[in-house]
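The values are calculated or read from the model by the stated rules, or taken from the named source; none is laboratory data. As the structure is a prediction and not an experimental result, all values here were calculated from the model. Heads up, the Cβs are rebuilt from the backbone with ideal geometry, glycines too, and the neighbour counts pull from every protein chain shown.
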Amino acid sequence: MSKERLLNHLYALGRLLAVVLTTFLGLLLVTFLIGRVVPIDPVLAVVGDKASPEVYERARIAMGLHLPLWKQFFIYLQNVLSGNLGTSVLTARPVLEDILRVFPATIELAVTGTFLGVIIGVPLGVLSAVYRGSIIDHITRVIGLFGYSLPIFWLGLMGLMILYANLDLLPGPGRVDMFYEDIVTPVTGLMLVDSLLAKEYDIFKNALSHLILPASLLGYYSMAYLSRMTRSFMIEQLRQEYIITARVKGVAEWKVVWGHALGNCAIPLITVIALSFGGLLEGSVLTETVFAWPGLGLYLTNSLLNADMNSVLGSTIVVGAIFLSINLFSDFLYKVMDPRAR
C-alpha cells in the first residue's frame, strides 16, 4: 500500500471518528439539557415531597445540582462514559443494569418485526415496480398508505380486541402466560432462545404465540416503508440501459428482475432496512405499552410516568447510541458491497 493511499485511509478514519464523537457528544448534551429543563424536580423524585428543607438541600448537594451547569455536564459526561447512567428511582437499581435486563425483549420484538417487513415488503415492492400501474401496484400502495397513516397503538388495541378478546385466536398482553413466568432461567434474555436452550417447548410455543401479534404490527409498519422504497429503487433500475441490454440478449425475465435489478437495489436497501430496524426500536415504545411487553419501551414509559429521569435519559442515550451504531454498520456494509463507495 502506497504512502498516499495509507494517508487517505487514515484521514477517512479520523474524519469518521470525529463525526461519531461529535454526534455522541451532541446526543449527551441534548439529553443533559432535557433533564434540566423538564418541569420535574429530580431531588423531590428521590426524597419525596414531604421531606424537610434540610434533607432536600443535602440531597441536592449530593446530586451535584448546586454546581454551575457546565460542571454538572462535565460530571454527567464522565459518568456516562464510565457506564454510570445513575440509579433508577423506580427500581432502586443502576439504570444500565435495568436496561440490560429489559433490552433483549425489545430486540426480540424488533428483529422479528424487521424480518417480517423484509420478507414481505421487498417482494411486494419488486412486484409493484414490475407491474407498475396494475392492480398489484395499486393494492401494494394502498396497503403501504394504511401502514403509514394508521397509528400503531390503535392497530394494537384493535388487534387485541378482535383476535384476543372476541375471537380468542391469540393470547393477550405479556411475553408469556402468567403460569410460565420465571420458569426459564435467562441466558440470552431472548425468551424464544432461552426456552429452547432449557428444552421448555411448551414455553417456547406460548412465547411464540404472544410474539405473533405485536411483531406482526411492527412488521406491517416496516413492510409499508420497505415496499415503498423497494418500488422506488426498482423503478429506477428497470429504466437503466443494462436492463434493456439483458432483455435484448434473451436473459430470462425473472433473472433480469430478481437477479440484475434487485441485485443493484441491494446496496441502498441495506441502509433502508437498517433505518427501519432502528425505527422499530424507537417505535416499540407504544407497541410495548399496549401489549405490556417487558422491554425498553415499557420501561421508558413507566419511568416517564413516575418522573424517573435517570431511567428516561439513560434509555434515550442507549437508543441514540444504537441508531448511531446501526448507521455506522450500514455504511460499512455499503462500502463492502460497493467498491465505488470506498
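Quick notes on this structure:
- Output for segment 284-319, where each listed residue is of a type in the set (Gly, Ala, Ser) and either buried (at least 19 other Cβ atoms within 10 Å of the Cβ) or not assigned by TED's automatic domain parsing to the domain that holds Ala215 (or both): Ser284, Gly295, Gly297, Ser303, Ser311, Gly314, Ser315
- Only residues that are within 22 Å of Gln240 (Cβ to Cβ) and not in a helix (DSSP H, G or I) were counted across segment 129-152, and they come to 4.
- Among the residues of segment 54-85, those identified as surrounded by 14 or more Cβ atoms within 10 Å (Cβ to Cβ), closer than 22 Å to Leu96 by Cα and not hydrophobic (A, V, I, L, M, F, W, C) are Gln72, Tyr76, Asn84.
- Qualifying residues in segment 57-79 (those that are in contact (Cβ under 8 Å) with a residue 12 or more places away in the chain and over 17 Å from Asp308 (Cα atoms)) - the one farthest from the chain's Cα centre (by Cα): Leu69
- Filter pass, Val89 being touching a helix residue (DSSP H, G or I) at 6+ places or on another chain (Cβ under 7 Å), surrounded by 13 or more Cβ atoms within 10 Å (Cβ to Cβ), under 20 Å from Ala321 (Cβ atoms) and not assigned by TED's automatic domain parsing to the domain that holds Ile235: no
- Which listed residue is at pLDDT below 90 and of a type in the set (Gly, Ala, Ser), from Ser128, Ser134, Ser149: Ser149
- Wholly within segment 185-274, helices (runs of 4 or more DSSP H) carrying at least 3 residues that are among the aromatic types (Phe, Trp, Tyr) and within 29 Å of the chain's Cα centre (by Cα): 201-238
- Applying the set (1) more than 25 Å from Leu304 (Cβ to Cβ); (2) in contact with a Leu (Cβ under 8 Å, 6 or more places away or on another chain) to Ile34 leaves exactly one unmet item: (1).
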